[in-house]
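Trainee: Sharing a structure with you now.
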Amino acid sequence: MKTRLIALAAALTLTLSACGSDAEEKTDEGATGESTEITGFDVSGIEKVDEIAAMLPESVTADGKLTIGTNAYYAPAEFYAEDGITMIGYDIDLANALGNVFGLEVAIEQAEFASIIPSIGTNYEVGIASFTITEERQQAVNMIQYYEAGLQWAVPAGNPNDFDPANVCGVVAGVQTGTSQDDYLIALNENECKDNPVQIQRQDEQSRVTLALTSNQIDAMFADIQVIDYAVALSDGTMEKVGDPIDVAPIGLAVAQDDAATTDALIAALQYLMDEGYLADIFGAWGISDGVQSTAVLNPVSNA
């Protein structure tokens, strides 16, 4: 099976050990030795839609570019190819598809995950980085849903430390800094695990969290289910999922709250990609079918 261990400070590889429609298919097919090289979805066939492009304000279109902030260490959503330069993943395909609809060049800039949302409207016109839509984030930016995912645990193969996802107090758990998984464990430590807190090991890059797990530096890692599925498929049998998905939640892109025109244009562009089947094709190219949305919803999380 053509696989590699997760690289040290680099991104995951392009090789995914199957393209099933769900996690069990991917895991089972990978175990048989079948492999598929993932190249993503070719968005070159997506053309400019004039009426949608006309919705963007001149503040966005003047330089001919749509500037997007991301954190390219979260495969299969956004990560670096083996050359260490090219960004790939379903969020990268989505960003380029949006650029085509608007008839704009797409400038995708790497940033620390936690710094992206505070920089929307200044450094970036859009943030696309697998953002879970939360009340807190909606207070800072507008968020438009295009996907939904749950939180998932993974452990070294065979679960040598007998990790129990129903009883995580006291374990050593790895997460990417600033993610919903990080927030989830902080909340646990403030409540159920106050007397025996989870030892949270944070990394700026998801690939480093995965490396910590495969090298037995942590008991378990916690990430979005699609990230776990992809990492398991690439791990050549060195890790496995454990437990069921937790807190299935919406995933969306971020845009400035005071930029209604760009928000409306992005909703229209996303809806176009959904209606034409392009969004499903983009996710399908990365082996994902569940959770892809059919309606672009603005700020779906209740602030009540």
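The values are calculated or read from the model by the stated rules, or taken from the named source; none is laboratory data. The shown structure was predicted, so the numbers you read here are calculated from the model rather than taken from an experiment. All Cβ positions, even for glycine, are placed from backbone atoms using ideal geometry, and neighbour counts span all protein chains on display. Just the protein is used for accessible areas: all its heavy atoms, side chains included, with ligands, DNA and RNA removed. Shrake-Rupley method; radii C 1.70, N 1.55, O 1.52, S 1.80 Å.
Trainee: Go through the residues of the range 223-233 one by one and say whether even a single one is open to solvent by 10 Å² or more (accessible area, probe 1.4 Å), modelled with pLDDT of 95 or more and assigned to a helix (DSSP H, G or I).
Mentor: Checking the range 223-233: not a single residue is open to solvent by 10 Å² or more (accessible area, probe 1.4 Å), modelled with pLDDT of 95 or more and assigned to a helix (DSSP H, G or I).
Trainee: Given the conditions (1) assigned to a loop (DSSP other than H, G, I, E, B); (2) under 15 Å from the mean Cα position of the chain (by Cα); (3) surrounded by fewer than 22 Cβ atoms within 10 Å (Cβ to Cβ); (4) not charged (D, E, K, R), and given that Ile288 satisfies all but one, which numbered condition is not satisfied?
Mentor: (3)
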